[in-house]
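Novice: Have a look at this one before I ask anything.
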Amino acid sequence: MYFKITPEKLEKAKHRNTFGILKNSIRNGEGNYLGSVGEVVLIDYYKNKEVKFEDEQNFDYDFIINDFKIDVKTQSIKYKYEPKPNFTCHIPNFNIKQDCDYYAFMFINLETNDAYCVGMIKKKDWKLVSQLKKQGEMGHVKPFKCDTWICLISDLSKIN
């Protein structure tokens, strides 16, 4: 699902995370803003739907939709086209212990202000379809910075 990121959403994202650099931060806090943009995009989407919605923003999950805890995983992209089904979604190994029901995956291009929610997956299903890539192992473009679980976009369910 495609979203255009508005200046208002970018401004909301600047003020969303006030907790500083998280323990085990892969990008030393630089990913906080990107993650906040992904969260804000989905929050605005769901607030316009008829769902029970609670914005929680804690380590284990970002919000609750219809009593399900959702954690948003956001990845930066540089290309100017929709992510393909064979692209991978990532969760660092130290995040697998989060107490959530679903992972939602966002791909964000901050140069073009394009956002894609490529899908969601139940946490219990993630364990069935993902595979572990070790720190230093080569990914599609660059080596993994930490032990990371990956799955294909095609393994996810589309959101509605």
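Novice: Take GLN131 and ASP147, extend 7 Å from each Cα along the Cα→Cβ direction, and tell me the distance between the two endpoints in nm.
Specialist: It is 1.8 nm.
Novice: Turning to a different aspect of this structure: May I ask you to rank HIS15, HIS140, HIS90 by accessible area, largest first, using a 1.4 Å probe over the protein chains only? Working shown, then result.
Specialist: Working: HIS15 125, HIS140 180, HIS90 55 Å².
Listed by decreasing accessible area, they come as HIS140, HIS15, HIS90.
Novice: While we're looking at this one, here's another question. Accessible area per residue for the chain in Å², computed with a 1.4 Å probe and the full protein assembly in place, what is it?
Specialist: Numbers: 9140 Å² over 160 residues.
Counting only protein heavy atoms, the per-residue value for the chain is 57 Å².
Novice: Show log10 I(q)/I(0) for the stretch 43-130 at q = 0.15, 0.16, 0.19, 0.21 Å⁻¹, two decimals, from a solvent-free Debye sum over equal Cα scatterers.
Specialist: -0.61, -0.69, -0.95, -1.11
Novice: Run through the stretch 29-86 and list the trypsin sites (Lys or Arg not before Pro) located in a DSSP loop whose Cβ has at most 16 other Cβ atoms within 10 Å.
Specialist: On the way: sites: LYS47, LYS49, LYS52, LYS69, LYS73, LYS78, LYS80; in loops: LYS49, LYS52, LYS78, LYS80.
Sparse-neighbourhood loop trypsin sites (Lys or Arg not before Pro): LYS49, LYS52, LYS78, LYS80.
Novice: Another one. What is the log10 of I(q)/I(0) for the chain, computed with the Debye formula using one identical point scatterer on each Cα and no solvent, at q = 0.08 Å⁻¹?
Specialist: -0.21
Novice: Dipole of the chain, Cα-centred, from +1 at each Lys and Arg C-beta and -1 at each Asp and Glu C-beta, to the nearest 20 debye?
Specialist: Values: 25 positive and 22 negative charges, 99 e Å.
Computed charge dipole of the chain: roughly 480 debye.
Novice: I need the trypsin sites (Lys or Arg not before Pro) found in the stretch 88-160, filtered to DSSP loop residues with at most 10 other beta carbons within 10 Å of theirs. Don't skip to the end; give the middle numbers.
Specialist: Details: sites: LYS97, LYS122, LYS123, LYS124, LYS127, LYS133, LYS134, LYS145, LYS158; in loops: LYS97, LYS134, LYS145, LYS158.
Of the trypsin sites (Lys or Arg not before Pro), the ones in loops of the stretch 88-160 whose Cβ has at most 10 other Cβ atoms within 10 Å are LYS97, LYS158.
Novice: Leaving out ligands, DNA and RNA, what percent of the accessible area of the chain is carbon and sulfur, probe 1.4 Å? Provide the component values of the computation, followed by the final result.
Specialist: Working: 4650 of 9140 Å².
Carbon and sulfur atoms account for 51 percent of the accessible area of the chain.
Novice: Need the full-extension length gain, ASN58 to LEU110, defined as separation in residues times 0.36 nm minus the C-alpha distance. One decimal, nm. Spell out each step's value before the answer.
Specialist: Numbers: separation 52, 0.36 × 52 = 18.72 nm, distance 2.38 nm.
Between ASN58 and LEU110, full extension yields 16.3 nm more.
Novice: Please return the longest range in the chain lying between exposed loop sites, taking chymotrypsin sites (Phe, Trp or Tyr not before Pro), DSSP loop only, at most 16 other beta-carbon atoms within 10 Å, and leaving the sites out.
Specialist: Working: sites that count: PHE19, PHE59, TYR79, TYR81.
In short, 82-160.
The values are calculated or read from the model by the stated rules, or taken from the named source; none is laboratory data. Remember, it's a predicted structure, so these values are computed and weren't measured experimentally. Quick reminder, even Gly has a Cβ in these numbers, built from the backbone with ideal geometry, and neighbours come from all protein chains shown. Ligands, DNA and RNA are stripped out before the accessible areas are found, and what is left, the full protein with its side chains, is counted by its heavy atoms. Shrake-Rupley method; radii C 1.70, N 1.55, O 1.52, S 1.80 Å.
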